[in-house]
1. Would you mind listing the distances between the residue A:129 label point and the same position in each other copy? Use 7 Å along Cα-to-C-beta, nm, one decimal, shortest first.
2. Helix-only mean residue ellipticity at 222 nm, chain A, DSSP H runs n ≥ 4 weighted -39,500 (n - 2.57), per residue, nearest 500. What is it?
3. Which residues does the label zone of residue B:50 cover in the range B:66-94, counting backbone N under 17 Å from a point 7 Å along Cα→Cβ?
4. What is the projected area of the convex hull of the Cα atoms of the range B:1-147, averaged over all directions, in nm²?
5. Given the C-alpha centroids of the range A:27-73 and the range B:1-49, what is the distance between them in whole angstrom?
6. Return the average number of partner chain Cβ atoms within 10 angstrom of each residue Cβ along peptide B:27-33.
7. So in chain B, what percent of DSSP beta bridges are antiparallel if you round to the nearest 5?
8. Taking each pair of distinct Cα atoms in the protein assembly as shown once, what is the resulting Kirkwood hydrodynamic radius in Å?
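Every number in this text was worked out from the coordinates using simple rules, so none of it is lab data. Remember, it's a predicted structure, so these values are computed and weren't measured experimentally. Virtual Cβ from ideal backbone geometry, glycine too; neighbours counted across all protein chains shown.
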DNA sequence: AGATCATTCAAGCGACTATTTGAATGATAA
DNA sequence: TTATCATTCAAATAGTCGCTTGAATGATCT
């Protein structure tokens with residue numbers, strides 16, 4: 001305001017970008033993409049101390065990417081709107097397109113093999129309805145309980161070695177997790193394919209599925 | 001790579017965001033949106049020293065948002081692809097939606113009055129063909145010479161006071177500049193309306209016009 | 001009221017960032 | 001080859017950021 005308006009505007013845009021410029025905050029946003037959460041829960045999921053988590057959240061709030069409300073003595077944070085999700089997604093897409101390092105990491109997640117193309121959500125919904133596919137939710141049990149694709153099995157990465165032999169090698173398995181920032185589904189697919197199973201990832205994760213208005217089930221399924 | 005892949009990925013995404021987190025670099029990107037440029041030209045346009053500009057450009061290159069090539073002894077930088085432009089645009093949209101400060105600055109640019117809605121580019125193209133509008137390019141002469149909307153007049157903000165009386169008060173005037181980050185068109189419209197003229201902004205700027213494959217003229221027009 | 005709980009604030013530290021300065025590089029032109 | 005030019009590198013500085021620690025706030029519960 002004191003300086004020229006052009007500089008002041010750029011300063012504000014930079015503020016939003018700066019909010020996205022720390023891995024810890026991207027991690028928080030990924031959690032918030034799954035639904036609103038309190039500070040303590042977020043700190044636990046992201047391995048931050050409570051104070052540190054709170055400060056990151058305030059920075060996100062100042063940038064307008066998240067908003068908060070009070071619920072009793074807890075502070076509940078949530079993404080301001082779906083544009084925040086779009087911004088995170090575009091950030092990821094640009095990074096995947098342009099940074100060799102990202103490609104290398106993603107290749108590493110597939111155990112060096114060529115990973116099969118992910119299944120898009122619309123196709124998956126159709127095949128789910130037809131019963132021609134097994135869906136695997138590769139998130140921690142509490143996130144599964146808070147909402148999952150109807151009919152999905154829940155298995156963490158640690159569980160997969162155990163349940164892999166019980167899965168039908170002829171039916172296709174589709175794994176999903178928190179979303180595009182989450183690597184669980186990549187790792188699950190790699191593990192399942194090592195067991196000779198026909199596994200692929202779903203594109204995106206539960207937040208994207210929900211965003212499209214598709215059905216979400218609560219509590220445990222089968 | 002040494003740490004877990006999830007953290008490594010977030011680090012890379014954060015790198016891209018960090019590249020966008022300095023006003024100086026957003027300014028450089030705005031310039032590059034107009035077309036490829038050498039280091040010296042960019043430094044002059046953005047009021048950076050050459051060394052400083054070069055370092056910012058290298059940071060942008062590391063993030064993958066821009067690429068460079070050598071041309072004789074000059075280094076030419078350009079946006080990697082149109083996703084960079086999309087990312088900048090989304091950043092601006094999120095900031096405008098969520099940050100009260102941005103709204104305040106934009107209101108200040110319109111001199112407190114309600115600014116009229118901007119004209120979209122398709123409509124402008126149609127009205128230009130019909131000759132029912134005067135188009136004003138509010139960028140420095142060198143940028144105008146490097147490409148502008150066919151039939152546009154070139155006038156810097158300083159020129160506007162001089163030429164305003166010569167413009168037809170009955171015909172609508174549409175001003176444009178470098179793009180959504182640029183404030184010249186806002187300021188020009190405010191100045192023109194103070195002169196009682198019927199002026200509006202074009203949505204976006206020349207980079208967006210060009211991106212849509214519309215015609216661009218070189219050198220001076222009428 | 002006092003006690004408790006979730007979150008935020010404040011201060012301090014080490015690490016990183018932006019900028020300046022001056023020297024080094026790498027390509028061209030004489 | 002040497003001279004010139006555009007750009008990059010290297011070192012130094014001031015300022016900011018992220019994280020930790022411990023105290024302060026604000027809302028609930030007894």
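1. Distances between equivalent label points, in nm: 4.2.
2. Numbers: 11 runs with 113 residues, N = 222.
Computed mean residue ellipticity for chain A: -15000 deg cm²/dmol.
3. From the range B:66-94, the list is B:70-77.
4. Details: hull surface 51.5 nm².
Quarter of the Cα hull surface area: 12.9 nm².
5. The range A:27-73 and the range B:1-49 have Cα centres separated by 27 Å.
6. Working: counts 4, 0, 0, 2, 0, 0, 0.
Average per residue, whole number: 1.
7. On the way: 9 of 21 bridges.
Bridges in chain B that DSSP calls antiparallel: roughly 45 percent.
8. Numbers: mean 1/r = 0.0410 Å⁻¹.
Final number for the Kirkwood radius of the protein assembly as shown is 24.4 Å.
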